[in-house]
Structures are given as structure tokens and as C-alpha cells.
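Peer 1: Before I ask anything, here is the structure I am working with.
Values in this text are rule-based calculations from the coordinates and carry no lab data. From a predicted model like this one, the values you see are computed outputs, not experimental measurements. Note: ideal-geometry Cβ built from the backbone for every residue, glycine included; neighbour counts use all protein chains shown.
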Amino acid sequence: MHAVQVKAFGGPEVLGAVEVGEPVPGGGEVVVDVAYVDTIFVETQIRRGLARAYFPVVPPYVPGGGVSGTVAAVGAGVDAGWVGRRVVCLVDGSYAERVIAPVARLVAVPDGLELRTAAALVHDGVTAAGLLERTAVSPGDRVLVLGASGGMGTLLVQSARARGATVVAAARGAEKLALVADLGAHATVDVSAPGWVERAREVLGGGAEVVLDGVGGEVGAAALPLTVGLGRFSAHGAPSGGFASLDAEAVDRLGITVFGIADVQFGPSDLRRLTAHALAEAAAGRLRVVIGAVFPLAEAEAAHRAVEGRGVVGKVILEASGAL
């Protein structure tokens, strides 16, 4: 079976095609014929060896964590009715033609929803829905979304507005700002422009009850003062190289509740619930999934370069079927 492997820690060039054994399901497991593989920025950081405290993998390894596809075989104790069903699931080593998944992790894909779209929701759909629950975004809240044009940011913009919030979307450049405006942001802010914090404060009408920081670093830290007293700040993103370093004195003085990446680590039942919710919203047309680029699995190196280059608007997805 064909797969893609990280041969050593390093740049995208360390990704290469390999032959691995065919997966055989054990008790409570299934084999999924992979159609599409989700990609997220943290996979590029793991590949570089920058996240070993959280992801203690050692090369060579097959990267990736989420797929959409069709159940091809079941192991002992699994209902044979799963065979042929379209599903999404979180797995280890998803850059492959076929994967093993515990049946407990499977979520059925609704009729009418493309598997490519479903794959794009495996991580970001869950995290976006969970973030809005954790931060209790409510009607009348002013919400600032940093990194609004990314895979998760685009979902947060739409979902926060659907909850009745006034949404200000922050991104870089005209193309990305046009996208988030089209997705329903009430106002946009270009974080690459001088004075963007002042501009954000102006369009927010003084500040935000909720700041959703999917960027981290200096941008995230600069956004903290935009949070009003007793507001909520979610520091869940680190594509800038690290999570935002927040002024503890300001947090205490303003009574801000800070959420971190640990607050969007969900147990099995919540994972299934949030996944099913995201898929249902997309299937009903209430959630638009923005996919900026699709690469064959064999071109995982190019996909990682696109993710790290940040030029793609929306998600980067790998297509596994017949790709190697």
C-alpha cells in the first residue's frame, strides 16, 4: 500500500512516498479506503520537530490525523453494516491510501455532502464549534476573529454570525479580506497594515467581548487590549511560531477569561457530537467550507509548502484515491 512518510525532521522535502503493509483491522476496528486527507498547520511544525513536547513522534513516521473515505472492511465485533458507508474519522498516520480506525471514532457523512468537504471539517469543524461553545459566543457579542481567512477562521466567522454576534474578521491582504466579507463578517481589518489595532478598536465600537486568536505570536498579543473587561480571549492558534504571550497583569485587571489549546481537546463523545454537527451544518448549506487547494497524496511536499507559505485562501486538502 502507498503512503507518505516523514523520513527525518526538516522542511517539506523530507516527505516521501513509501510502501507499507496493508492494514488489517483488529477487534472493534475498521479499514477505511481514504478519499481525502485533512491537513492542518501543526503537522508542518511536527514535521520540523518543533512540537516534540506535545507530539513525541520519531521519524520515520506517516503524518496526518484526519480522513474522509469509505469503510472497506471490519474487524471482529463490528457491525458489517458499516462496510460501504461514507465516513470521517481521526486516525494516526492518515497520509495513506487506507487506514485503520476504531469504529467508535467513525462519524457518518450525510447524504449529499462531498467527501472532500467532509475531510476539511474533521479538525477545523470540530474545533470551531467547540471554541464557540467554550467562549459562549452569544447574540449581541462583538467577536474579533484573527486568522479569519484560514480553514478554521472561515468557519468561525460564519458560525459566530449565525449565533447572533457582530463579527470583525482580521486577515492579511485584499483577497483574504474580500473572502471573509463575503462569508458574512460585518467588518474586516488588515493586520498587515499599520495601525491595525486602532482600526479594529474603531470597527468593534471600542472592543470585543470575545477574541478568537488563531494566529498567536505578536498579532495575538497585540489583540489582547481589544478585549473588553470580563471578556473572553481564546489563544488557540500558533502558526506564527508560538502561542500569544499575554500580559498577565492586563488579564487580571480586566477580568478576562483566557482559553488555551487545552480547552479545545475534546473527549470521544464530544468529538463525535461536534463532528456530526459540523457535517450537518455543511450538508444543510448553512456552513460554507472554503478549500483553496487540493493536492494528490504523492504531492504532499507541495501541499506542506502551500500550507507554510500561507498564500492559499482556505484549506489545503490531499486527495488519496489513485494519487500514488
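Peer 1: What do you get when you divide the Cα radius of gyration of segment 124-264 by 2.2 N^0.38 Å, with N the number of residues?
Peer 2: Output field value: 0.91.
Peer 1: Quick check: residue separation of ARG286 and ALA262 times 0.36 nm, minus the Cα distance between them. What number comes out in nm?
Peer 2: Extra length available between ARG286 and ALA262 comes to 5.8 nm.
Peer 1: For the modelled label position 7 Å from the Cα of PHE9 along Cα-to-Cβ, which residues of segment 44-70 have backbone nitrogen atoms closer than 12 Å?
Peer 2: 45-59
Peer 1: Need one number: convex hull volume per residue for segment 159-217, Cα atoms only, in Å³.
Peer 2: Considering the Cα atoms of segment 159-217, their hull volume per residue is 87 Å³.
Peer 1: Among SER192, SER234, which comes first, second and so on when ranked by fewest other beta-carbon atoms within 10 Å? Mind dumping the intermediate values first?
Peer 2: Values: SER192 12, SER234 25.
The most exposed by this proxy come first: SER192, SER234.
Peer 1: Next question, about the same structure. What is the local net charge at ALA148, summed over the other residues whose Cβ is closer than 15 Å to its Cβ (Lys, Arg +1; Asp, Glu -1)? Write down the numbers at each step before the final one.
Peer 2: Numbers: positive: ARG142, ARG161, ARG172, LYS176, ARG199, ARG288, ARG310, LYS315; negative: ASP124, GLU175, ASP182, ASP190, ASP213.
Its environment carries a net charge of +3.
Peer 1: Tell me, what is the Rg over Rh of the chain, with Rh the Kirkwood radius over Cα pairs?
Peer 2: Rounded to two decimals, Rg/Rh equals 0.98.
Peer 1: Another question, if that's okay. Taking K and R as +1 and D and E as -1, what net charge do the other residues with C-beta under 15 Å from the C-beta of VAL91 add up to? The partial results should precede the final answer.
Peer 2: Working: positive: ARG98, ARG105, ARG272; negative: GLU29, ASP33, ASP38, GLU43, ASP92, GLU97.
Summing Lys/Arg as +1 and Asp/Glu as -1 gives -3.
Peer 1: Now a separate question. Run the numbers on the chain and let me know its relative contact order in percent, using alpha-carbon pairs under 8 Å that are six or more apart.
Peer 2: 19 percent
Peer 1: Let me ask something else about it. Enter the Cα centre distance for the pair segment 21-58 and segment 263-324, rounded to the nearest angstrom.
Peer 2: One Cα centre to the other: 14 Å.
Peer 1: Test of the criteria: in segment 36-102, which chymotrypsin sites (Phe, Trp or Tyr not before Pro) are in a DSSP loop and have at most 10 other Cβ atoms within 10 angstrom of their Cβ? Please list the in-between numbers first.
Peer 2: Details: sites: TYR36, PHE41, TYR54, TYR61, TRP82, TYR95; in loops: TYR54, TYR95.
When the chymotrypsin sites (Phe, Trp or Tyr not before Pro) of segment 36-102 are filtered for loop state and at most 10 Cβ neighbours within 10 Å, TYR54 remain.
Peer 1: Still on this structure, I have one more. In deg cm²/dmol, rounded to 500, what helix-only [θ] at 222 nm does the chain give when every DSSP H run of at least 4 residues adds -39500 (n - 2.57) and the total is split over its residues?
Peer 2: It comes out at -8000 deg cm²/dmol, rounded to the nearest 500.
Peer 1: Something else about it: Which whole number of Å³ per residue matches the convex hull of the alpha-carbon atoms in segment 102-184?
Peer 2: So the per-residue Cα hull volume is 116 Å³.
Peer 1: On to the next question. State the Cα centre-to-centre distance between segment 132-147 and segment 183-220 in whole Å.
Peer 2: For segment 132-147 versus segment 183-220, the Cα centre distance is 13 Å.
Peer 1: Excluding ALA3 itself, calculate the net charge of residues whose Cβ lies under 10 Å from the Cβ of ALA3, where each Lys or Arg counts +1 and each Asp or Glu counts -1.
Peer 2: In short, -1.
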